[in-house]
Amino acid sequence: MSFFKDRRINDALLEAASRGVAIFVLSNLTGSENRGYVRTNTKVETDPHIPNLHELHRHGAHVHLCDDLHAKFLICDSKEGLIMSANYTPDSLYGNPENGVDVCGEELKDLELIFDTLYVHPDTILSEDGKSYRYLKKRLPVSLKAFENIGKKSRLLLTASSTGNSNLKDCSYRLIYAKLIQLTDSAKEALILVSWSYNQVKLLPEFKKALNNAIKRGVKVTLFYGTKGADKQKERTHTQLVELLGSENVKRMTAPFADNHAKCIITESEGALFTANIDGNKGLLTGFELGCILTEEQRLQSIRKINQILENGK
């Protein structure tokens, strides 16, 4: 989980710890989109992310940090799990449109393997000396083959790669990006793409080509984008959409999705949910992200929910 900024979630975890539940946490040090590197924390007084992690640590939770982590997922008692777009923040939990998928069976087995692998290969472990926060750096790279069987018996997808010196530096898994291209290539009638942001799409030439080919085939393409952010970010989103679709297509093939933070791709017959934005810099090619191919029931639920939000605002 990227961000731990919600008081209710922390209180629930603390209460679980008091009952003797073993709490294992994966997060990143920055608690922001600036993952992939570590810097000295300067937000202790204004941002609750790091204080909340240390509070969990002081009450017995085992907190490890992965520099490239952006995926959001949880596992309960090895019986059920959840992959979602939502962070543990008030906006995500009580405001933004978000999406997620329940995980069980083969998907849960893969998810547990993923968690265990990341947990024993952290970039940083939380510590304290009684006066200040401390961070113990670890250098134990994840094996190149660690995730080679993910998705072979399950519907899980992932990105696991790093351009920096994190413990993912030897990995090169881009299953989410490959599925994004495959679904775009196979679309015959309609393609819906939902993302919070679009960034550095020039680094995604295979996807851009697949999208343009879909348009030429007569596929009805709709790209939804989030409306939160500063004016600079909104301008960037527009520029990126123009680069993806061409200026002649942007107006009729894109639509604002108020406050959206969900991410998914849906065609007339298939779909997938993922935690990555459509971003060539972080998410699709580098970082750590998760996704899941949707069942037909989940695909239809997604379409209904998108339509409901567009019509009613919630």
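Computed quantities for the displayed model
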item: Conditions (1) surrounded by 19 or more Cβ atoms within 10 Å (Cβ to Cβ); (2) within 28 Å of Arg7 (Cα to Cα); (3) modelled with pLDDT under 95: number failed by Ser162; result: (2)
item: Residue that is farthest from Tyr225 (Cα to Cα), among those in region 87-110 that are in a helix (DSSP H, G or I), acidic (Asp, Glu) and modelled with pLDDT of 85 or more; result: Glu106
item: For Met253: the one exception among (1) open to solvent by 30 Å² or more (accessible area, probe 1.4 Å); (2) under 25 Å from Ile309 (Cβ atoms); (3) not basic (Lys, Arg); result: (1)
item: Flag for Thr275 being modelled with pLDDT of 95 or more, surrounded by 15 or more Cβ atoms within 10 Å (Cβ to Cβ) and under 20 Å from Ser92 (Cβ atoms); result: yes
item: Region 192-216 residues that are aliphatic (A, V, I, L, M), paired with ones that are open to solvent by 60 Å² or more (accessible area, probe 1.4 Å) (beta carbon under 6 Å, 6 or more apart); result: Val201/Glu243; Ala210/Asp185
item: Among (1) at pLDDT 95 or above; (2) open to solvent by 50 Å² or more (accessible area, probe 1.4 Å); (3) farther than 14 Å from Tyr119 by Cβ - the single one Ile75 does not satisfy; result: (3)
item: Hey, Glu80 surrounded by fewer than 15 Cβ atoms within 10 Å (Cβ to Cβ), of a type in the set (D, E, K, R) and modelled with pLDDT of 95 or more or not; result: yes
item: Extreme residue, nearest to Ala61 (Cα to Cα), among residues of region 1-26 that are of a type in the set (Asp, Glu) and at pLDDT below 95; result: Asp11
item: Looking only at region 123-151, and only at residues there that are farther than 27 Å from Arg174 by Cα and outside any loop (DSSP other than H, G, I, E, B), the one that is least open to solvent (accessible area, probe 1.4 Å); result: Leu126
item: Scan of region 52-79 for residues that are farther than 24 Å from Leu168 by Cβ and assigned to a strand (DSSP E or B), ordered by number; result: Cys76
item: So Arg236, is it assigned to a helix (DSSP H, G or I), open to solvent by 10 Å² or more (accessible area, probe 1.4 Å), at pLDDT 95 or above and of a type in the set (Lys, Arg); result: no
item: Exclusive hit being open to solvent by 30 Å² or more (accessible area, probe 1.4 Å) and under 18 Å from the mean Cα position of the chain (by Cα), set Lys216, Lys282; result: Lys282
item: Residue in region 252-272 that is outside any loop (DSSP other than H, G, I, E, B) and free of Cβ contacts under 8 Å to residues at least 24 places away in the same chain present; result: yes
item: Criterion: within 30 Å of Gln308 (Cα to Cα) and touching a Leu at 6+ places or on another chain (Cβ under 6 Å) - qualifying residue of Leu65, Leu82, Leu108; result: Leu82
item: Qualifying positions in region 170-205 - surrounded by fewer than 21 Cβ atoms within 10 Å (Cβ to Cβ), under 16 Å from Ile266 (Cβ atoms) and small (Gly, Ala, Ser); result: Ser186, Ala190
item: Qualifying positions in region 288-311 - closer than 26 Å to Tyr88 by Cβ and out of contact with any Ser or Thr (no Cβ under 6 Å at 6 or more places or on another chain); result: Phe288, Gly291, Cys292, Ile293, Leu294, Gln298, Gln301, Ser302, Lys305, Ile306, Gln308, Ile309
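The values are calculated or read from the model by the stated rules, or taken from the named source; none is laboratory data. A quick note: this is a predicted structure, and the numbers were derived from the prediction, not measured. Note that each Cβ is placed from the backbone with ideal geometry, even for glycine, and that neighbours are counted across all protein chains shown. Ligands, DNA and RNA are excluded from the accessible area calculation, which covers all protein heavy atoms including side chains. Shrake-Rupley method; radii C 1.70, N 1.55, O 1.52, S 1.80 Å.
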